[in-house]
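The values are calculated or read from the model by the stated rules, or taken from the named source; none is laboratory data. Just so it is clear, the structure is predicted and the values come from calculations on it, not from any experiment. Remember, those area values only see protein heavy atoms, side chains included, never the ligands or the DNA or RNA. Shrake-Rupley method; radii C 1.70, N 1.55, O 1.52, S 1.80 Å.
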Amino acid sequence: MDSSIRRSGGGVLEGLYRVLMRRNSVYVTFIFAGAFVGERVVDYGVHKLWEHNNVGVRCFLRFESIA
């Protein structure tokens, strides 16, 4: 097979590699942005789940001053 013939289409993974992982600065930025967005999504989901499970529940704990 001739090594000069290259596939021009590529695939999804090859496209992601070209866009995200070719330069280290873009890769690190993508990782940090993904971690931030993922944290916000999980926080939102847990908050909604907590609110849904505690509808109508009142907290009867009273915090008294120690002094």
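For the reader, a short list of remarks on this structure follows.
- Number of the exception - Gly15 against (1) open to solvent by less than 100 Å² (accessible area, probe 1.4 Å); (2) modelled with pLDDT under 85: (2)
- Qualifying residue in region 43-52 (condition: modelled with pLDDT under 85 and open to solvent by less than 90 Å² (accessible area, probe 1.4 Å)): no
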